[in-house]
Amino acid sequence: MCKGAIFSFAFLIFFYGCTTKISYEPSPSSSPPAPTSLSIISNYETLNDERGEETIQEEETQGEAKRPEAVPETPVLVSIPIEPEPPKEHRKLPDLTVTHLSLDQKRRLVATLANIGEAPFSVENGEMSVRMDGKLEKEFYLKSFSAQTLLQPNESMTVTTPLIILGRHEIEARIETSKEMEETNRKNNSLKKVLEGFPVGPDIVLKGLYLAEDLDLSLLLSNKGEVDLRKGATFQIKIFLNGRKVSDFEHFNSEILKAHSGNQYLLGPPYRIEIKGMAQVKAFVLPKLHSDDIRLENNMIERTFIVFPFQIGGQEKDEFSFKFSPSWPKGEYPGEKMMVEVRWEEGGSPLVISFKESGNIKNPPAVSGKSPLRIEFPIEESQRESRWRISISNMMKKKVEGHLIIQH
């Protein structure tokens, strides 16, 4: 009886466990209790199903984890050929500029214009305006200064205006062209410069040196100014011979010297200065009052003399050889002349003078005449160290005696 009751009670418990799901949630701090054999047996299929679903979910989850994430697409730059624009046609244009401003001896404004562009410039289409101290003074048509119609590239022209500058002023010359006339650059069409024009007054020039019949030295003065030199002006005069001062005196002007070289004044030292053989002469003329001479840069003269005495028999000739050594530096040739004078007794026979320079095919032509016979011709830079030969021929039977005077 007791065994049967026990058996029945156990059966009821087993039956109740199969029909009722017993769940146990372990506390977070405690580990889950080991399942009893009863729960393992009774829940085998349930656990197996749950594990199966969990395994499938894990595999799906792992599969999704293993599946690579979608990478955003990177834009690809593709070069598309662009058709080049056709090259612009290069237009050749003129380019006018003012390169130099100065004053001439009459204090007139002189401008140098140049075309530094690539095309000719029509002179008829241009004007030049002149401003003095910022104020418009004059306007000139370029065609009035030149007969040429075109100013070619890399070509220049010099314009001497009638505008006279007195005193010190800032001068601006500008080339004006019409709007239709295109240029490479219009910003370089002008030039500013401070110029100083000499005041109005007499301008005494030491024009030359002269040897009298007895070969005494005299000075030749002239007035190139615009005002007559007054009577009674006093000048200090110094003369050097071969580097040695031989004369220093004051000269009182006893007559009026007319303006614009209206007359010349021959001035002799108070005592003789005789020139013989080869001599270098330098002379200075300085005014006592500045108002008697407004320019002093032309008050000095320097000359080299060679004096040859000669005696030539009838129908004979004599030859003289000499060489100049100019004092100017090479490449800075100022422009010089050779002056030859032959003197012999008055009423004598005519003589023939001929010239020959070493290495020069085109020598000055021969000249003939009676005493005094004077010849003047320019000396080129290439002739600065040349040796010259001058021949004097007597075509008559009478003997001739005189001097050959060479001045350079």
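Taken together, the values in this text are just the output of simple stated rules run on the coordinates, not laboratory data. Predicted model only: the values in this text are computed from it and were never measured. Don't worry about glycine lacking a Cβ; one is built from the backbone with ideal geometry, like all the others, and counts go over all protein chains shown.
By the rule of a C-alpha distance below 22 Å, with chain neighbours fewer than 8 residues away ignored, the lysines paired with Lys224 are Lys106, Lys207, Lys238, Lys258, Lys282, Lys288, Lys337. Taking amide H atoms as placed 1.01 Å from N in the peptide plane, the amide H of Met396 lies under 5 Å from those of Gln315, each 5 or more residues away in sequence or on another chain. For segment 121-173, just run the numbers: alpha carbon Rg, then divide by 2.2 N^0.38 Å, N being how many residues it has. With N residues counted in segment 121-173, Rg over 2.2 N^0.38 Å equals 1.27.
Residues whose amide H falls under 5 Å from that of Gly369, counting only those 5 or more places apart or on a different chain, are Leu351, with hydrogens built in the peptide plane. Note on segment 152-210: Kirkwood radius taken over Cα pairs, Stokes-Einstein applied at 37 °C and 0.692 mPa s, translational D equal to 210 µm² s⁻¹.
Mind checking segment 208-308 for GluC sites (Glu not before Pro) that DSSP puts in a loop (not H, G, I, E or B) and that have at most 12 other Cβ atoms within 10 Å?
Those that pass, being in a loop and sparsely packed, are Glu213, Glu255, Glu297.
Remark on Asp95: its backbone amide H falls under 5 Å from those of Ile116, Gly117, Glu118, Ala119, Thr184, a criterion applied only to residues 5 or more positions apart or on other chains, H modelled at 1.01 Å from N. The ellipsoid equivalent to the alpha-carbon distribution of segment 200-298 has semi-axes of 24, 13, 12 angstrom, derived from the gyration tensor eigenvalues as √(5λ) and listed largest first.
The modelled label-to-label distance between Ser321 and Glu345, using points 7 Å beyond Cα along the C-beta direction, is 3.1 nm.
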